[in-house]
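**Student:** What follows is a single structure, and I will ask about it in a moment.
The values are calculated or read from the model by the stated rules, or taken from the named source; none is laboratory data. Source: prediction; values computed, not measured. Cβ: placed from backbone, ideal geometry, glycine included. Neighbour counts: every protein chain shown.
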């Protein structure tokens with residue numbers, strides 16, 4: 001029997017409405033009640049916040065096929081360093097995860113090399129080409145928790161309708177990267193004053209908003225569950241808020257960079273500020289923040305998108321979209337939302353624990369007795385500076401290099417095993 005006692009912290013478990021001083025006992029990989037044995041490993045967490053393990057509903061682990069960028073081993077190592085005990089992996093791998101065989105390979109690889117739980121998604125369309133539906137029922141049987149063509153957007157409203165109808169049959173959420181390609185038209189940054197100044201093709205907010213509106217209407221028609229990923233524009237927020245007020249089963253997701261970074265940062269042509277959707281205006285940032293705070297946007301995600309350094313070290317037009325986020329997201333959210341006095345800590349933690357767990361059916365996100373022992377310990381007051389050379393991810397494409405953040409995961413337990421111990425709190429065996 002193995003036991004760990006996290007002693008003396010503030011226990012914050014939004015799913016069970018628990019928030020106050022207390023201890024957390026872990027026994028044989030589960031949250032336990034009662035007194036610890038004399039052999040329990042005691043970890044002092046005075047002055048720290050103990051939460052359920054954080055869950056990231058949007059990551060790119062790049063395996064199979066793109067292991068130069070990231071692997072399941074390095075991606076999950078980055079996850080636990082950032083306080084995440086579970087991640088939901090996107091299917092834009094090589095080959096695309098559009099069938100049971102690739103899903104089975106990913107799940108087995110995660111068991112062999114991962115240090116955090118990996119939940120797979122399957123593609124909506126074969127090859128993510130947007131032409132024919134993937135075998136959604138077979139993907140469900142293979143264990144996916146959602147379907148998505150993330151990295152691409154289904155351009156055909158008819159195909160998206162059929163996807164929603166099938167997904168509803170299997171109680172699968174559909175996650176959508178919202179981009180009308182005829183409107184984004186090769187844009188590489190937000191369309192507006194700065195794109196004109198810098199001479200770069202613009203990617204207007206309307207290209208996102210048109211798809212958010214379409215998805216709201218199709219979700220209303222079919223009754224299926226839809227999540228609009230990494231929302232970036234005030235118009236998208238307005239459409240989402242109106243649809244949810246009507247009872248439509250549509251949700252939104254926000255990423256760290258869209259909560260605090262704006263388009264003028266592209267002025268130096270630094271490709272680490274190139275992401276899809278692009279950084280937008282201060283008004284857009286404000287709208288996304290407000291939507292997160294009032295519950296219009298339910299989920300906080302990273303959209304962790306690693307790339308090789310040589311891929312980003314090219315002209316801005318030519319560089320791939322995407323930035324890493326697993327190791328910085330919690331610090332950004334705490335800095336901008338909690339310390340910025342925009343949200344209570346419990347509400348932020350809820351968006352990263354019980355809400356995604358319940359929505360995707362993960363069976364985690366709580367510290368109730370008998371729950372899987374996935375736990376994150378947070379130093380809410382810890383000030384630290386982002387240094388990409390310290391990342392455990394393979395990739396370094398961060399827009400937060402050199403930024404001071406306040407709040408950090410210092411201790412991460414996955415399935416009762418210590419996977420991250422920033423300050424060496426656990427006694428050595």
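**Student:** (1) surrounded by fewer than 24 Cβ atoms within 10 Å (Cβ to Cβ); (2) within 26 Å of residue 321 (Cβ to Cβ); (3) touching a helix residue (DSSP H, G or I) at 6+ places or on another chain (Cβ under 8 Å): which one isn't true of residue 126, the others all being true?
**Tutor:** (3)
**Student:** Looking only at residues in the stretch 140-178 that are farther than 17 Å from residue 224 by Cα and buried (at least 21 other Cβ atoms within 10 Å of the Cβ), which one is farthest from the chain's Cα centre (by Cα)?
**Tutor:** Restricting to residues being farther than 17 Å from residue 224 by Cα and buried (at least 21 other Cβ atoms within 10 Å of the Cβ), the top hit is 153.
**Student:** Now a separate question. Would you confirm whether or not the stretch 329-340 contains a residue that is assigned by TED's automatic domain parsing to the domain that holds residue 214, more than 16 Å from the chain's Cα centre (by Cα), surrounded by fewer than 22 Cβ atoms within 10 Å (Cβ to Cβ) and in a loop (DSSP other than H, G, I, E, B)?
**Tutor:** Checked the stretch 329-340: at least one residue is assigned by TED's automatic domain parsing to the domain that holds residue 214, more than 16 Å from the chain's Cα centre (by Cα), surrounded by fewer than 22 Cβ atoms within 10 Å (Cβ to Cβ) and in a loop (DSSP other than H, G, I, E, B).
**Student:** Quick one: count up the residues across the stretch 18-50 that are within 24 Å of residue 349 (Cα to Cα) and either touching a helix residue (DSSP H, G or I) at 6+ places or on another chain (Cβ under 8 Å) or modelled with pLDDT under 95 (or both).
**Tutor:** Counting residues in the stretch 18-50 that are within 24 Å of residue 349 (Cα to Cα) and either touching a helix residue (DSSP H, G or I) at 6+ places or on another chain (Cβ under 8 Å) or modelled with pLDDT under 95 (or both) gives 3.
**Student:** May I pose another question? Find the residue count for the stretch 288-298, including only residues that are surrounded by fewer than 24 Cβ atoms within 10 Å (Cβ to Cβ) and at negative phi.
**Tutor:** Residues that pass the stated criteria total 7.
**Student:** Do you know which residues across the stretch 372-388 are surrounded by fewer than 21 Cβ atoms within 10 Å (Cβ to Cβ) and either farther than 22 Å from residue 59 by Cα or touching a strand residue (DSSP E or B) at 6+ places or on another chain (Cβ under 8 Å) (or both)?
**Tutor:** Result: 379, 380, 381, 382, 383, 384, 385, 386.
**Student:** Continuing with this model, one more query. Taking strands (runs of 3 or more DSSP E) that fall entirely within the stretch 6-107, which contain at least 3 residues that are outside the structural domain of residue 151 (by TED's automatic domain parsing) and surrounded by fewer than 23 Cβ atoms within 10 Å (Cβ to Cβ)?
**Tutor:** Passing ranges, in order: 18-27, 30-32, 41-44.
**Student:** Would you please name the residue that is surrounded by the fewest Cβ atoms within 10 Å (Cβ to Cβ), looking only at residues in the stretch 389-429 that are farther than 25 Å from residue 27 by Cα and out of contact with any helix residue (DSSP H, G or I) (no Cβ under 6 Å at 6 or more places or on another chain)?
**Tutor:** Filtering the stretch 389-429 for residues that are farther than 25 Å from residue 27 by Cα and out of contact with any helix residue (DSSP H, G or I) (no Cβ under 6 Å at 6 or more places or on another chain), the one surrounded by the fewest Cβ atoms within 10 Å (Cβ to Cβ) comes out as 389.
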